[in-house]
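S.K.: Below is a structure I'd like to ask you about.
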Amino acid sequence: MSAVSRATAIAHPNIALAKYWGKRADGHNLPAVPSLSVTLAGMATTTEVAFDPSLDRDELHLGGAALPPDAEATRRVAGLLDRVRAASGRRERARVVSRNDFPTAAGLASSASAFAALALAASAAAGLPTAPVLVSDLARKTSVSAARSAFGGFVELRAGRPGDASLAATPLAPADHWPLAVVIAVTREGPKDVGSSDGMRHTATTSPYFPAWVDAAPSMFEAVRAAVLARDFAALGAAAESSALCMHASSIAASPGLLYWTGATVEVIAAVRRLRAQGTPAFFTIDAGPHVKVFTTPEARGAVEQALLAVPGVLRTISAAPGGGAHLASAASPEGREGP
Ligand code: DP6
């Protein structure tokens, strides 16, 4: 009887400065638009994958609790494991034990770090190569934003093209290229109403503004990319806010309208604009939830935190900064050798 082979990986969430929102219609989980993100230090997902011949189905344990086999998350995890089994020739089912050191239920970006960590741990446990480009493509096939968390620092992902069999993110600049500070204003505890996959599908199929978003996104991506390379904070803020607002405008115009914001979200936007008018460097971005992610400089972080905590409806803030990509914590083959 063969033994259990296991590996543990750590990955971090990323925040998109140029947003991905919408998939190509060919069913291969390819993004319709290019995106560019920053991988964050200060928040992490740790995932252990153990291929175990005694299991008769894949198991997912999240934050200490076992998820039902028919849960959406279990189904997505099993889909990624099926790809790993197909590529490696393994047949065993796996036990996946994952935990976040940030609140999973708060609707903060957790699928990116989750699927990047899973892709790396599962590849290592199955004895597949673990080059970041391969991990990125594997993660992208389940969750597009996860492709970017394979790498650290500033990371780009081009739009899919017809016939793409693989598509991985590419590192644009390391984390120390530009020591930005990130302050996340948490405006609600508890899970978001409509997940990203469902939200973008609903937007693509019902919003008259979705084609306009797909047309406009590449030029916003180029502006974000140029500003990152030039370390031009004002230009980055303008382009990143446009990308986020255009993405949300496309969803708000869906039928029925999909509005991820609460009153507190809008109040934080106003507070960021006030900070800027007073000379404090700050810009915002918003994902598929009511929280606002504010970028600033390390020097201004304290002032930004104070200003955001004073906004009615802001429950707390989380501090983060550009950080590294997914990496293995440990890996052991059945013979007990250390993995890559
Ligand atoms: C708003 O990557 O979660 O955070 O590919 O369906 O898993 P799926 O969607 P996901 O979407 C993230 C959308 C976003 C913007 C972004 O991260 O680029």
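The values are calculated or read from the model by the stated rules, or taken from the named source; none is laboratory data. Remember, predicted model here, so these are calculated numbers, not experimental data. In this analysis, Cβ positions are derived from the backbone assuming ideal geometry, glycine residues included, and neighbour counts consider all displayed protein chains. For the accessible areas, the whole protein counts, side chains as well, though only heavy atoms, and no ligand, DNA or RNA atoms are used. Shrake-Rupley method; radii C 1.70, N 1.55, O 1.52, S 1.80 Å.
S.K.: Residue check, residue 121 against (1) surrounded by 19 or more Cβ atoms within 10 Å (Cβ to Cβ); (2) among the small types (Gly, Ala, Ser); (3) touching a Leu at 6+ places or on another chain (Cβ under 8 Å); (4) within 22 Å of residue 289 (Cα to Cα), all met but one. Which one?
M.R.: The one condition residue 121 does not meet is (4).
S.K.: Right, another one. Looking at the stretch 42-66 only, could you name the residues that are among the aliphatic types (A, V, I, L, M), surrounded by 14 or more Cβ atoms within 10 Å (Cβ to Cβ) and more than 27 Å from residue 320 (Cβ to Cβ)?
M.R.: 50, 55
S.K.: Within the stretch 9-62, take every residue that is among the hydrophobic types (A, V, I, L, M, F, W, C) and in contact with a Gly (Cβ under 6 Å, 6 or more places away or on another chain) and give me the one that is farthest from residue 163 (Cα to Cα). Let's see the steps before the verdict.
M.R.: Just the residues of the stretch 9-62 that are among the hydrophobic types (A, V, I, L, M, F, W, C), to begin with: 9-11, 15-18, 21, 25, 30, 32-33, 36, 38, 40-41, 43-44, 49-51, 55, 60, 62.
Now narrow it down to the ones that are in contact with a Gly (Cβ under 6 Å, 6 or more places away or on another chain): 30, 32, 40-41.
Working: 30: 10, 32: 13, 40: 32, 41: 35 Å.
Restricting to residues being among the hydrophobic types (A, V, I, L, M, F, W, C) and in contact with a Gly (Cβ under 6 Å, 6 or more places away or on another chain), the top hit is 41.
S.K.: Sticking with this one: Failed condition for residue 254, given (1) out of contact with any Ser or Thr (no Cβ under 9 Å at 6 or more places or on another chain); (2) in the same structural domain as residue 305 (by TED's automatic domain parsing); (3) more than 24 Å from residue 40 (Cβ to Cβ), with all others met?
M.R.: It is condition (1) that residue 254 fails.
S.K.: When only residues in the stretch 240-253 that are open to solvent by less than 10 Å² (accessible area, probe 1.4 Å) and touching a residue at least 40 places away in the same chain (Cβ under 8 Å) count, which is nearest to the ligand (Cβ to nearest atom)?
M.R.: In the first step, residues of the stretch 240-253 are kept if they are open to solvent by less than 10 Å² (accessible area, probe 1.4 Å); the result is 240, 243-244, 247-248, 250-251.
Then drop every residue that is not touching a residue at least 40 places away in the same chain (Cβ under 8 Å), which leaves 240, 243-244, 247, 250-251.
Numbers: 240: 11, 243: 9, 244: 9, 247: 7, 250: 11, 251: 9 Å.
Per the criteria, the residue is 247.
S.K.: In addition: Could you tell me which residue of the stretch 185-197 is nearest to residue 16 (Cα to Cα), considering only residues that are at pLDDT below 95 and open to solvent by less than 50 Å² (accessible area, probe 1.4 Å)?
M.R.: Residues of the stretch 185-197 that are at pLDDT below 95, as a first pass: 186-197.
Then keep just the ones that are open to solvent by less than 50 Å² (accessible area, probe 1.4 Å); that gives 186-187, 190, 194-197.
Numbers: 186: 17, 187: 19, 190: 22, 194: 19, 195: 16, 196: 13, 197: 16 Å.
Here the residue is 196.
S.K.: Right, another one. Can you name the number of the only condition in (1) open to solvent by 30 Å² or more (accessible area, probe 1.4 Å); (2) modelled with pLDDT of 95 or more; (3) in a loop (DSSP other than H, G, I, E, B) that residue 311 fails?
M.R.: If we test residue 311 against (1) open to solvent by 30 Å² or more (accessible area, probe 1.4 Å); (2) modelled with pLDDT of 95 or more; (3) in a loop (DSSP other than H, G, I, E, B), just (1) comes out false.
S.K.: For the stretch 198-229, which residues satisfy the criterion of being open to solvent by less than 70 Å² (accessible area, probe 1.4 Å) and of a type in the set (A, V, I, L, M)?
M.R.: Matches in the stretch 198-229: 200, 204, 212, 214, 216, 217, 220, 223, 224, 226, 227, 228.
S.K.: Residues of the stretch 147-204 being away from the ligand (no atom under 16 Å from the Cβ) and acidic (Asp, Glu), which ones?
M.R.: Result: 176, 189.
S.K.: So which residues in the stretch 1-27 are touching a Pro at 6+ places or on another chain (Cβ under 9 Å) and either part of a loop (DSSP other than H, G, I, E, B) or acidic (Asp, Glu) (or both)?
M.R.: Correct list: 1, 2, 3, 4, 20, 21, 22, 24, 26.
S.K.: Could you count how many residues in the stretch 135-169 are open to solvent by 30 Å² or more (accessible area, probe 1.4 Å), small (Gly, Ala, Ser) and on the phi < 0 side of the Ramachandran plot?
M.R.: Qualifying residue count for the region: 2.
S.K.: Here are 121, 168, 159: which of them is under 19 Å from residue 81 (Cα atoms) and in a loop (DSSP other than H, G, I, E, B)? Give the derivation first.
M.R.: Details: 121 fails: in a loop (DSSP other than H, G, I, E, B); 159 fails: under 19 Å from residue 81 (Cα atoms).
So the residue among 121, 168, 159 that is under 19 Å from residue 81 (Cα atoms) and in a loop (DSSP other than H, G, I, E, B) is 168.
S.K.: A follow-up question, please. Can you name every residue in the stretch 275-301 that is more than 23 Å from the chain's Cα centre (by Cα) and open to solvent by less than 40 Å² (accessible area, probe 1.4 Å)?
M.R.: Answer for the stretch 275-301, where residues must be more than 23 Å from the chain's Cα centre (by Cα) and open to solvent by less than 40 Å² (accessible area, probe 1.4 Å): 275, 280, 300.
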